[in-house]
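Here is the structure we will look at, set down as structure tokens.
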Protein chains: 2
Amino acid sequence: MPSLRLALAQVNYTVGDLAGNAAMVLERTKAAAAAGAHLIAFPEMTLTGYPPEDLVLRASFRRASQQALRTLAADLQAAGLGETAVLVGYLDDDGAARNALAFVHRGTVVARYFKHHLPNYGVFDERRYFTSGSTFVVVRHLGVDIALTICEDVWQDGGPFAVAGAAGVGLVVNINGSPYERDKDDSRLPLLQRRAAEAGAPVLYVNTVGAQDELVFDGDSMLVRPNGEVALRAPQYVEDVYYADIDLAAAPADPPLSVGAAMTVQRFATQAPSALPTARDAVTPIAAQVAPRTPDCAEVWGALVTGLRDYVRKNGFRSVTLGLSGGIDSAVVAAIAADAIGGENVHGVSLPSSYSSEHSKTDAADLAERLGASYRVVPIAPMVDAFVSALALSGLAEENVQARVRGTTLMAISNAEGHLVLATGNKSELAVGYSTIYGDAVGGFAPIKDVPKTLVWELARWRNEHASDTGRRPPIPENSIGKPPSAELRPGQLDTDSLPDYAILDAVLERYVDGDQGVAEIVAAGFDAELVVRVAALVDRAEWKRRQYPPGPKISFKSFGKDRRLPITNRWRDEQTGGQ
Amino acid sequence: MPSLRLALAQVNYTVGDLAGNAAMVLERTKAAAAAGAHLIAFPEMTLTGYPPEDLVLRASFRRASQQALRTLAADLQAAGLGETAVLVGYLDDDGAARNALAFVHRGTVVARYFKHHLPNYGVFDERRYFTSGSTFVVVRHLGVDIALTICEDVWQDGGPFAVAGAAGVGLVVNINGSPYERDKDDSRLPLLQRRAAEAGAPVLYVNTVGAQDELVFDGDSMLVRPNGEVALRAPQYVEDVYYADIDLAAAPADPPLSVGAAMTVQRFATQAPSALPTARDAVTPIAAQVAPRTPDCAEVWGALVTGLRDYVRKNGFRSVTLGLSGGIDSAVVAAIAADAIGGENVHGVSLPSSYSSEHSKTDAADLAERLGASYRVVPIAPMVDAFVSALALSGLAEENVQARVRGTTLMAISNAEGHLVLATGNKSELAVGYSTIYGDAVGGFAPIKDVPKTLVWELARWRNEHASDTGRRPPIPENSIGKPPSAELRPGQLDTDSLPDYAILDAVLERYVDGDQGVAEIVAAGFDAELVVRVAALVDRAEWKRRQYPPGPKISFKSFGKDRRLPITNRWRDEQTGGQ
């Protein structure tokens, strides 16, 4: 029974950076070869980054991806790494654009597999870009038949994993660009256990880590045996190469040539000696890591930190600036930023108006001090007064001018000092349109735009409780957690003047937004009819405001981002069905 | 040979307005029945509006669409309109969401057809929402076999039109939500001629008019005979019901039950008497209209006016405001707005800074006077000075503050007076990121965001030349057309300080943006390599700015809207391939 040392490259790549991504593959392969790995597998579309979106439509980009693969194969060989099998995702073009996986060995592309199942829902638009493959690909390497699959293939009954069982393969590799979503990791393992059983072979599931625009990739890569045992599980969000030694079924002498009418089978073989890995004496056995699951708050915090860090760094920024109001939202955003890029790279600005409370300034200063962030105060009264007197403003127009003067001030600081501006709105506010367009909605990135207000509080408490893990002070002032939320755009204003209690609001929003439930259904579940109708009406009317909000990390099934596409011009009012 | 009077309802509906759209169907059917029509056909998804986007994912919306169809059928019957066959598009759900066409007669839905070919490119995401139908549907009505098809079905070789030929039908109805694009109308007629020949029967092509967010629908509905003759062609952009009398092949006594293995055929029959329309004496023959084609500028202008008018009205606004700089862009936008909603509903604001030239004010005032628009001057120096002194700004940060003070001023006027703010940027500027985010990019709608600068000038000249058609003064001051473009954010600034000549820039952009050509290809076509590399780099880096721009009417193959989806975080630089 051949025994292979498998290297699982849970890496972070950048969309469009073909040369950089290829260099990273080379470097990780060097480490894996030094560690005695026979095979290293990289995530989906490693060379191009994922998702490359409309770059796929450019012939020059498709050619560059194919060229990058050829160059990589040659470079691996030239670097003396030819004996290590490298499985790497890229964009191919054989007359149609393909989401592809190459098996590279001894400087050549031994086999290529084209993804069968193209997701076209939620954040995925793969049928816009790619043509499905229909061939099942097996590579015989070091005496083992290895089947190649990509991402969504694993979610399909009767797909390549069923064929893998019929074909008698020894290992199925599944490479992924699978975005984070709360509790998604709970469904991954049972699914992989089912597929490993179906294939009758271990499944090596490799996912990427890091973030691309709104998408966060949490990793959670693993190796699952056909009996359901987890041989290796990588921690979430941590970029590294993980290793496992595993005994695999020897390739059959006479493999079935056909596995039914469903799929063509293509078989390839590397030029590696077929008996090599049966003698494993040369290498010290590796104790594969099985990372424990983390609690929900830690997982969400990790997603937000990863999302912010990669957006800042991959877009060439090194620092951020944001308005610190003393409230919970800006405090949590600042704490996420400090965890992501260091408190010294966070530039807090207090922007008090004549309606700002004294605690809004002291709490903001307290926060900055705890985070090691820079802090300054820019009173907005002179600018607001100039607008109010030039335009004779009052009421809502005056309230909004305050928010917009703050936005303009932060952008001016950004222009002058080069920081990325962070918007601090949460999902509950965005859902109901409780924000000022070009005001608090200003910014390049919105770290908590997919975090409901009740979860913002929960995260703040969790982060403070776990501050001692790092031997530091709780980052968020208790005042900011405890005070009633207010936009402070007029004297004595409170969020509850305009909105229901956040616990109830969030419960309704979870059903109406995340669950796509109708008003009638939510009322039937026991919520107050008038309140549900009011909330639905607010949500239905706020699409334009949400569209103007900066991108932020997706953590829920339905964020207000790429996974949600509503018309702006829209006379549908679900509340009209409330009585039906 | 039966002769039918066909009514082609080239109507304007609103997404989500199920009740309003159904009422419009009833009203138009009443008129058609009075005019003696045997059949009236409405566009794709008339009841829901098109495209309904993620509303389709809501079960309550799908149920409401089905209910709206049932109610409509009953209402038509109750109104005494049951004898007129009504073909209407809607959203169905038979366990899967369907883009559907119902054939309604005598108060019942006689047949329903589910769209076969679901476009999933450009602005279309139909595979995200719908499941394909695979059944070919024929309805026998008044002695004629009528085949039902929807939109994209007509673009497919070997699709339902081929089956229609084999099935020997007398008429093929094709209902559409086909968005406007420059020169698209030139390809529609030859395509329909080919399909009519393939089907061996006339094709009734019904398209909607009006606009939905970025999409403009130009109508251009027609009736094409199998010999290619155009029996009826509706003008672009004009909402109306158009009529034609046409002799159609009688339904065969023994129609083929099968038309090959490709498609199941379902046959239905109305309860109308089968011999009625052979005696046509009762009605006076109608001379069907064949609208002439319009020149390119007229067609584009019509799209921009339609796009603006419907965005304003369908979103509940009645008036617009915009900054008038005296330059060509704001002048053209104001002229479009005046044509769309009347000059009296256009509120121009001159926002001079200390760098503004005298002619910027006089040309703006001249424009407003020509348009009958209101006009006011709000000097921005007091607000700009407040920012500059509070933040000690200079250079780019100071330039941008001017643009942002203008944006905040227009939004304050909007808040106080209820006008929709128009952004005045053109496609050339957007392409290369020559705009200030939260400054000139502020607004609810951007009428010329898909119009290259050179076309802006061409449209201005064309509109002035055709002013005499309406007996009015040329709307755009010659000064605004003739002066060199400048952002006037610093003394003596000209666009050409930062950008190539617009004639060259637009030629490169057409290849790089609309054509998705690579840098190497454009250089090979004879453009200066350094310039192409520079332009490509500007375009590649400006995605974030473009995302922040308001929606505007799409007129080109690739606008900066729903039809173009690029990553923000993107290290791909096509110019790197320039030397390859």
Just one of B:T284, B:T294 is at pLDDT below 95, more than 14 Å from chain A (Cβ to nearest Cβ) and either farther than 30 Å from B:R461 by Cα or touching a Gly at 6+ places or on another chain (Cβ under 6 Å) (or both); which is it? B:T284
Starting from residues that are in contact (Cβ under 8 Å) with a residue 40 or more places away in the chain, touching a helix residue (DSSP H, G or I) at 6+ places or on another chain (Cβ under 6 Å) and not in a strand (DSSP E or B), keep the ones in segment A:80-108 and report whichever is surrounded by the fewest Cβ atoms within 10 Å (Cβ to Cβ). A:L81
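Restricting to segment B:376-386, name every residue that is within 7 Å of another protein chain (Cβ to nearest Cβ) and in a helix (DSSP H, G or I).
B:P382, B:M383, B:A386 - these are the residues of segment B:376-386 that are within 7 Å of another protein chain (Cβ to nearest Cβ) and in a helix (DSSP H, G or I).
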Which of the numbered conditions does B:P475 fail, given that it passes all the others? Conditions: (1) surrounded by 23 or more Cβ atoms within 10 Å (Cβ to Cβ); (2) touching a Leu at 6+ places or on another chain (Cβ under 6 Å); (3) within 22 Å of B:D506 (Cβ to Cβ). (3)
Condition first: surrounded by fewer than 14 Cβ atoms within 10 Å (Cβ to Cβ) and farther than 30 Å from B:T408 by Cβ. Can you find one or more residues in segment B:451-467 that meet it? yes
Can you tell me which residue is nearest to the other protein chains (Cβ to nearest Cβ) among those in segment A:5-21 that are under 22 Å from A:A34 (Cβ atoms) and of a type in the set (S, T, N, Q)? A:N21
Of the conditions (1) touching a helix residue (DSSP H, G or I) at 6+ places or on another chain (Cβ under 8 Å); (2) closer than 22 Å to A:A7 by Cβ, A:S221 clears all except one; give me its number. (1)
Hey, A:S353 hits all of (1) within 25 Å of the chain's Cα centre (by Cα); (2) within 23 Å of B:L391 (Cβ to Cβ); (3) away from chain B (no Cβ under 12 Å) but one; which does it fall short on? (1)
If you take the residues in segment B:516-528 that are of a type outside the set (D, E) and in contact (Cβ under 8 Å) with a residue 40 or more places away in the chain, which one is nearest to the other protein chains (Cβ to nearest Cβ)? B:G518
Quick one: which residue in A:K545, A:K554, A:K562 is closer than 23 Å to B:K562 by Cβ, out of contact with any helix residue (DSSP H, G or I) (no Cβ under 7 Å at 6 or more places or on another chain) and facing chain B (nearest Cβ under 10 Å)? A:K562
If I filter segment B:356-374 for residues that are at pLDDT below 95, in a loop (DSSP other than H, G, I, E, B), in the same structural domain as B:A487 (by TED's automatic domain parsing) and over 26 Å from B:Y242 (Cβ atoms), do I get at least one hit? yes
Looking at segment B:2-16 only, could you name the residues that are surrounded by fewer than 24 Cβ atoms within 10 Å (Cβ to Cβ) and in a strand (DSSP E or B)? B:S3, B:R5
Determine whether A:G122 is assigned to a loop (DSSP other than H, G, I, E, B) and either in contact with a His (Cβ under 9 Å, 6 or more places away or on another chain) or surrounded by 22 or more Cβ atoms within 10 Å (Cβ to Cβ) (or both). no
Could you list all residues from segment B:234-273 that are in contact with a helix residue (DSSP H, G or I) (Cβ under 6 Å, 6 or more places away or on another chain) and of a type in the set (F, W, Y)? B:Y237
Is at least one residue of segment A:460-474 more than 25 Å from the chain's Cα centre (by Cα), within 14 Å of chain B (Cβ to nearest Cβ) and at pLDDT below 95? no
So which of B:A64, B:A19, B:A23, B:A68 is without any contact (Cβ under 8 Å) to a residue 40 or more places away in the chain, part of a helix (DSSP H, G or I) and either more than 20 Å from B:D220 (Cα to Cα) or touching a Phe, Trp or Tyr at 6+ places or on another chain (Cβ under 9 Å) (or both)? B:A23
B:Q77 vs. criteria farther than 28 Å from A:A524 by Cβ and not in a strand (DSSP E or B): yes
Residue check, A:N227 within 26 Å of A:G158 (Cβ to Cβ) and either assigned by TED's automatic domain parsing to the domain that holds A:I448 or buried (at least 24 other Cβ atoms within 10 Å of the Cβ) (or both): no
Counted residues, segment B:383-423 - those being free of Cβ contacts under 8 Å to residues at least 24 places away in the same chain and closer than 26 Å to B:V346 by Cβ: 3
Conditions (1) part of a helix (DSSP H, G or I); (2) within 14 Å of another protein chain (Cβ to nearest Cβ); (3) free of Cβ contacts under 8 Å to residues at least 12 places away in the same chain; (4) among the charged types (D, E, K, R) -> B:R571 fails only (1)
Looking at segment B:542-557 only, could you name the residues that are farther than 13 Å from B:A446 by Cα and within 20 Å of the chain's Cα centre (by Cα)? B:S556, B:F557
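Before we move on, is B:L531 assigned to a helix (DSSP H, G or I), at pLDDT 90 or above and surrounded by 22 or more Cβ atoms within 10 Å (Cβ to Cβ)?
When the stated conditions are applied, B:L531 does not pass them.
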Inside segment B:28-61, the number of residues satisfying the requirement of being within 14 Å of chain A (Cβ to nearest Cβ) and over 24 Å from the mean Cα position of the chain (by Cα) is 3
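From B:S389, B:S353, grab the single residue that is surrounded by fewer than 23 Cβ atoms within 10 Å (Cβ to Cβ) and not in a helix (DSSP H, G or I).
None of the other options fit; the residue is B:S353.
The values are calculated or read from the model by the stated rules, or taken from the named source; none is laboratory data. Computed from a predicted structure; not experimentally measured. As a convention, Cβ positions derive from the backbone with ideal geometry for all residues, glycine included, and neighbour counts pool all protein chains shown.
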